[in-house]
Amino acid sequence: HREEAEEKAGVPGVATLKFLPYWLYRYTSRGAGSFKDQQVSFDGSGVGALNAINGSLTDIDPDTVTRRVIPQGSEVIRAQIDRDAADEKITGVLVQNMSRKIRVKQVRGDAIFYEEKNVSPDRSNIALELREPYIPVWQIKGKKIVEINAYTGERLREPMDDGVEVF
């Protein structure tokens with residue numbers, strides 16, 4: 001609520017409710033990679049969210065998000081990152097996070113050799129479901145701007161948008 005957000009902000013100011021677009025995702029990964037005699041499995045699944053304004057990733061479980069009517073007087077922010085760009089960015093981050101470095105030791109006579117290789121999942125083996133909800137954020141403008149996530153009640157560490165204001 002507005003009063004709680006103003007109290008958590010700790011600075012006097014005018015509170016405005018804004019709705020930020022996010023891309024909630026659920027992924028499933030299948031497949032394996034190998035190098036020499038070592039195998040790496042890429043089987044797994046997970047959830048998360050991508051801010052559709054600034055592209056930052058966050059942990060939001062899509063199952064906990066509920067549908068509500070946007071209150072009158074609230075500002076709805078337009079997404080800067082479209083569905084295809086979000087899909088590409090999320091898949092890239094997932095591939096990077098699932099990549100593993102494999103080190104193989106070989107002994108030939110008195111010599112020991114080590115070989116290293118990065119093994120990554122194939123992008124086609126990652127199934128991604130996307131949906132675009134709007135997350136409420138209280139923006140309190142006073143001497144400085146403080147933003148409170150109205151969904152979790154936490155103060156935002158980085159700006160909800162690109163931080164640019166046009167005068």
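Quick notes on this one:
- Each residue in the range 121-138 was checked for being outside any loop (DSSP other than H, G, I, E, B) and either aliphatic (A, V, I, L, M) or more than 16 Å from G46 (Cα to Cα) (or both), and 10 pass.
- Here S99 meets the list (1) closer than 15 Å to R26 by Cα; (2) out of contact with any Lys or Arg (no Cβ under 6 Å at 6 or more places or on another chain); (3) not aliphatic (A, V, I, L, M) almost entirely, failing just condition (1).
- The range 115-138 - residue that is at pLDDT below 90 and of a type in the set (K, R) and, of those, surrounded by the fewest Cβ atoms within 10 Å (Cβ to Cβ): R123
- Scanning the range 1-32 for residues that are among the aliphatic types (A, V, I, L, M), part of a strand (DSSP E or B) and in contact with a Phe, Trp or Tyr (Cβ under 7 Å, 6 or more places away or on another chain) gives A15, L17, L20, A32.
- For the range 139-157, filtering for residues that are open to solvent by 60 Å² or more (accessible area, probe 1.4 Å), touching a Pro at 6+ places or on another chain (Cβ under 9 Å) and under 21 Å from V47 (Cβ atoms) leaves 1.
The values are calculated or read from the model by the stated rules, or taken from the named source; none is laboratory data. Keep in mind that what you see is a predicted model, and the values were worked out from it rather than measured. Reconstructed Cβ throughout: ideal geometry from the backbone, glycine too, with neighbour counts over all protein chains shown. Areas reflect the complete protein model, heavy atoms only, side chains present, ligands, DNA and RNA absent. Shrake-Rupley method; radii C 1.70, N 1.55, O 1.52, S 1.80 Å.
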